[in-house]
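As structure tokens, the structure follows; a few thoughts come after it.
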Amino acid sequence: MSNHFQDNDKIMDHFFNPRNLGTMKNPDAFGQVGNPRCGDIMHIYLKIDNDVIKDIKFQTYGCAVAIASTSILTEMVKGKTLSETQKISSQRIREALGEMPAYKQHCTVLAEQALKKAIKDYQKDKNV
Amino acid sequence: MKKIYLDYSATTPVDQRVMKSMQPYFSKIFANASSLHSAGKLAQEALADSRQKIANLLGVSPEEIIFTASGSEANNLAFKGIFSAIDLPKKHIIISSIEHSAVLNPARFLEGQGEQVNYLDVSQEGIIDLEKLKNSLKPQTVLVSIMHANNEMGAVQPLAEIGEIIKQEKEKRKKEKNNYPLYFHTDAVQTLGHLPFLAQKWGVDLFSGSAHKLYGPKGVGLLYLKKGIKIIPLLHGGSHENEKRASTENIPGIVGFARALELAYSEMDSEIKRLKELRDYLIENVLKKIENSCLNGPKTQRLPNNANLSFAGVEGEALLMYLDRQQIYCSTGSACSSASLAPSHVLTALNLPPKISHSSLRFSLGRWTNKKEIDYFLEKLILAVKKLREISALKINY
């Protein structure tokens with residue numbers, strides 16, 4: 001199977017024009033996955049009001065698919081309630097991005113984990 | 001702007017002059033070199049002429065050259081051929097830890113068959129340690145294989161000094177009446193036609209080469225096998241290549257290989273100088289204009305066309321894709337480009353911190369690279385690194 005994914009317009013669009021890029025001052029939640037050793041780091045910042053994700057920002061150190069995965073994820077969850085976002089899995093990210101080489105699928109898993117970590121972070125703070 | 005190809009170490013375009021030399025051998029002089037008729041004789045003559053030309057350029061005898069279908073096949077033939085031919089127990093191999101997979105995997109294959117393999121590590125500049133090589137030699141070592149130059153970060157290995165160590169070991173074995181043969185093989189795929197290669201002087205017993213790395217066609221390689229060394233073929237069949245490699249000879253390919261090598265040798269000195277200047281210009285400008293960038297591999301003992309650079313905070317494959325969009329083509333050993341998710345074994349062997357090895361790109365220059373191209377490339381590279389650092393979650397004080 002080919003390792004090329006230049007023909008996937010969706011991945012390329014999100015890679016070259018990432019949505020909701022950046023950091024956030026005083027976020028309600030923050031999620032981070034990865035480390036320099038594995039070559040991927042994702043940061044997700046959330047602004048949450050009434051259990052609705054009002055704003056989301058991200059930064060990703062990683063390959064084109066890692067950047068595209070985080071970018072499309074931010075579009076998928078913006079404006080959604082926290083319970084709705086629980087349904088967003090790496091599978092849904094892959095469906096949204098379209099065909100990619102098998103060895104790139106872990107990038108979508110990382111994006112899911114980053115979001116879940118941010119939400120966990122928020123819920124933990126709430127409970128305390 | 002046209003496409004900018006900076007991946008000449010992966011493969012090269014066929015030079016028009018090489019194409020021209022090959023042209024008659026597809027449909028006009030097409031016969032089988034083994035055929036007895038006059039048409040076969042023409043093919044046989046082209047084969048013999050090409051072999052002679054290559055032998056002259058490399059300073060070896062024509063009977064010592066076995067044409068193969070690739071550099072990988074040449075390496076496989078060297079490793080498996082030698083080991084099949086030696087019926088002695090506990091045979092031992094020494095290779096460097098930065099060999100191309102076409103050497104690494106034949107060695108691993110033999111290891112799986114029960115042979116012993118030593119993988120010599122390298123300095124941070126990518127050069128093997130001669131003392132370690134000496135200390136790794138065992139009475140049962142039959143093959144030492146050290147690449148001439150590394151394809152990823154360009155480190156040129158001290159073959160003359162390695163050859164000297166092998167020579168001393170051979171003499172020692174004679175005195176000690178040790179009947180284990182010892183052979184010195186080098187994968188010269190990155191250097192043949194690019195750097196002076198003195199097989200005889202350096203005491204090289206076998207070396208591998210490939211036409212497509214020197215502006216010749218794909219699908220042709222060669223193994224030099226010093227007179228008197230026994231190997232068992234990988235391909236059994238007809239008596240081609242002195243009974244060492246069955247298959248109807250690829251005459252157009254071999255003619256092209258000879259022409260390509262001839263051109264490479266006639267232009268070698270000036271090309272080395274030109275490429276070094278361009279390469280140094282590229283490296284100096286990157287280091288000066290892009291903060292937190294660094295050169296990987298050796299500073300001086302380096303292929304004239306190789307620049308392996310890292311850009312902290314930017315993942316290598318992402319940068320490759322950014323440049324690809326600008327029609328600038330290079331390569332990466334970053335983790336994200338591989339199924340294993342680990343940086344290439346070569347970058348790992350250099351002991352680079354992960355943030356450096358994950359952000360490395362290889363730019364390899366060639367016959368048609370010029371300063372105008374490098375200037376355009378630098379301009380696009382600077383923008384791409386800036387953009388990806390904005391996206392990056394790995395913050396370094398730029």
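Within the range A:90-128, if we keep just the residues that are without any contact (Cβ under 8 Å) to a residue 24 or more places away in the chain and in contact with a helix residue (DSSP H, G or I) (Cβ under 6 Å, 6 or more places away or on another chain), the residue that is nearest to A:ASP9 (Cα to Cα) turns out to be A:ARG94.
Here A:HIS4 meets the list (1) within 11 Å of another protein chain (Cβ to nearest Cβ); (2) within 18 Å of A:LYS120 (Cβ to Cβ) almost entirely, failing just condition (2). Just to be sure, is A:LYS78 over 22 Å from B:PRO354 (Cα atoms), surrounded by fewer than 21 Cβ atoms within 10 Å (Cβ to Cβ) and within 14 Å of another protein chain (Cβ to nearest Cβ)? Taking the combined requirement at face value, the residue does not satisfy it. Considering only the range A:49-56, I want to know if a residue exists there that is under 16 Å from the mean Cα position of the chain (by Cα) and within 11 Å of chain B (Cβ to nearest Cβ). No. From the list B:GLY253, B:GLY219, the lone residue that is surrounded by fewer than 24 Cβ atoms within 10 Å (Cβ to Cβ), in a loop (DSSP other than H, G, I, E, B) and in contact (Cβ under 8 Å) with a residue 12 or more places away in the chain is B:GLY219. Residue check: B:LYS201 meets all listed conditions (1) crowded, with 16+ Cβ neighbours inside 10 Å; (2) in contact (Cβ under 8 Å) with a residue 40 or more places away in the chain but one, namely (1).
Out of all the residues in the range B:282-300, is one or more in contact with an Asp or Glu (Cβ under 8 Å, 6 or more places away or on another chain) and modelled with pLDDT of 95 or more? Yes. Here A:ALA96 meets the list (1) under 15 Å from the mean Cα position of the chain (by Cα); (2) over 30 Å from B:THR348 (Cα atoms); (3) part of a strand (DSSP E or B) almost entirely, failing just condition (3). Residues that are of a type in the set (S, T, N, Q), in a strand (DSSP E or B) and touching a residue at least 24 places away in the same chain (Cβ under 8 Å): does the range A:9-27 have at least one? Checking the range A:9-27: not a single residue is of a type in the set (S, T, N, Q), in a strand (DSSP E or B) and touching a residue at least 24 places away in the same chain (Cβ under 8 Å). The number of residues in the range B:350-368 that are more than 14 Å from every other protein chain (Cβ to nearest Cβ) and surrounded by fewer than 23 Cβ atoms within 10 Å (Cβ to Cβ) comes to 3. If you check B:LEU287, B:LEU278 for being over 18 Å from B:ALA69 (Cα atoms) and touching a strand residue (DSSP E or B) at 6+ places or on another chain (Cβ under 8 Å), only one passes: B:LEU287. The criterion of at least 2 residues that are out of contact with any Phe, Trp or Tyr (no Cβ under 9 Å at 6 or more places or on another chain) is met, among strands (runs of 3 or more DSSP E) falling completely within the range B:90-147, by B:116-120. Of all residues in the range A:28-48, exactly one satisfies the criterion of being charged (D, E, K, R), free of Cβ contacts under 8 Å to residues at least 24 places away in the same chain and within 12 Å of chain B (Cβ to nearest Cβ), namely A:ARG37. Considered as a group, the residues in the range B:306-327 that are out of contact with any Lys or Arg (no Cβ under 6 Å at 6 or more places or on another chain) and away from chain A (no Cβ under 13 Å) include one that is surrounded by the most Cβ atoms within 10 Å (Cβ to Cβ), and that residue is B:ASN306.
State yes or no: is A:ALA64 within 14 Å of chain B (Cβ to nearest Cβ) and crowded, with 24+ Cβ neighbours inside 10 Å? Considered against the rule, which asks whether it is within 14 Å of chain B (Cβ to nearest Cβ) and crowded, with 24+ Cβ neighbours inside 10 Å, A:ALA64 comes out as yes.
In the range B:369-378, the count of residues that are at the interface with chain A (Cβ under 9 Å from one of its Cβ atoms) and either over 21 Å from A:ALA68 (Cα atoms) or aliphatic (A, V, I, L, M) (or both) is zero. As a summary of the residue check, B:LEU383 satisfies the conditions (1) crowded, with 18+ Cβ neighbours inside 10 Å; (2) more than 11 Å from chain A (Cβ to nearest Cβ) except for the one numbered (1).
Just for helices (runs of 4 or more DSSP H) wholly inside the range B:345-398: which have at least 3 residues that are under 14 Å from B:ASN285 (Cβ atoms)?
B:371-391
The values are calculated or read from the model by the stated rules, or taken from the named source; none is laboratory data. Values in this document were obtained by computation on a predicted structure and should not be read as measured data. When we count neighbours, we look across all protein chains shown, and the Cβ atoms used for this are built from the backbone with ideal geometry, even at glycine.
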